[in-house]
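Computed from the coordinates by the stated procedures, all read-outs in this text should not be read as laboratory data. As the structure is a computational prediction, the values presented were derived from the model and not from experiment. Methodologically, a virtual Cβ is constructed for each residue, glycine included, from the backbone with ideal geometry; neighbour enumeration extends over all protein chains shown.
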Amino acid sequence: MLDTISQLVLDGIGGFALPYLVGRVVTGVFFVFSGYHKLTNAERRAALVATLRDCNIPFVSLMQCVVPGLEFAGALGVVWPAEPLQR
């Protein structure tokens, strides 16, 4: 079952590659904007810091930059893949 799903995702069938690409780009763009706003918007940063403190996460001052930075950078990798999709 998992082998079949991975073949569909990696190889595509007919028109499957385009919806997969659109879903990938939409998800990546969402997380790019989310990470960007957590880095630049004071209210979003304050909410992130409050959440980190409520969850007893150590090194809050470091994590308030690392978490949205990784979210932003990781989403850029989702939006612009290293290799183009093949047909």
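If you take all other residues with their beta carbon under 14 Å from the beta carbon of HIS37, and give Lys and Arg +1 and Asp and Glu -1, the sum is +1. A DSSP coil position with no more than 10 other Cβ atoms inside 10 Å describes the following chymotrypsin sites (Phe, Trp or Tyr not before Pro) in the stretch 30-72: PHE59.
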